[in-house]
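All remarks here apply to the structure that follows.
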Amino acid sequence: MKTKTVASSIVAAIVSCACLFMFVPTATAAEGVTVTSTKSFPSYTQVRKDLTTEATATSVEDNADWGGIENLDVPQTESQAEKDAAAAKKAAEEEAEKQAEVEAQATQEQANAASRNESRSSVTYSDASGSVSAGAGASIDRVYSLIGQSMDCTALVSQALAARGINFHGWPEEYVNVPGGHVVTDGSLQPGDILIYANTGGWNGGAHYDHVALYVGNGQAVHGGWNGYSVALASAMTEKLTIVVRIP
């Protein structure tokens, strides 16, 4: 019984499918309509670059000379060690130039001093007649009061000038420019005169005159820096005199 039921169901299904396929074409043909199934897609356009038009070619002659590596203009850089070495070399050269200038100046000053000494070696100094001016007297009194004290020659003469109201200090040869003074060329000496020595046998760095003192009369002068940096009354050393400056 069960087998008959299953067979009946299968037959029924086959008959149904046959009817369906028979019905659809019949209906379609009867109506005279053609059914077409289509599937549309969006249009797509691809643009490709023409790479051949973008390329640039440069034509050269086959035997063109491009030069060698020596023709390349390549910036050169220095290492820090090379820069330091160059800076040290430059500093050494500048120092050598300065030293040469100092030595040349010293040599010239010594030559000038020798020339002055030679030109004045024939001068005979003697005391001039006449009274001592008030300014000269003030200078003399000041240097006498400083005898025995510790002081160099330029400080002593500056003290003598200060006693007469003149403020001046410098190297020995610079006292030739004392305000109001003039160089004496006739070989006369007066108390209060400033005595300048280019070379007394001492040493003053080689670039300056050796000594300056104040004349007090009778062939004597008061010297600073004498025998151990002290102020002393001693010979005027006229045989070594280079310049005499007098302030009226």
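Where a number appears in this text, it was derived from the coordinates with a stated rule and is not lab data. Owing to the predicted nature of the structure, the values given are computational and were not obtained by experimental measurement. Positions of Cβ are generated from backbone atoms using ideal geometry, with glycine treated the same way; all protein chains shown enter the neighbour counts.
Find, among the chymotrypsin sites (Phe, Trp or Tyr not before Pro) in the range 151-208, those assigned to loop by DSSP (not H, G, I, E, B) with at most 16 other beta-carbon atoms within 10 angstrom.
Phe168, Trp203
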With R₀ set to 41 angstrom, the calculated FRET efficiency between the beta-carbons of Leu233 and Glu97, to the nearest 0.05, is 0.35
One finds the C-alpha centres of the range 213-248 and the range 81-103 to be spaced, in Å, by 44
Once Asp127 and Glu78 are pulled to full extension, the length gained, defined as 0.36 nm per residue separation minus their Cα-Cα distance, is 10.3 nm
So Ala87 and Gln220, fully extended at 0.36 nm per residue minus their Cα-Cα distance, gain in nm 42.2 nm
Relative contact order in percent for the range 152-248 (Cα pairs under 8 Å, 6+ apart) equals 34
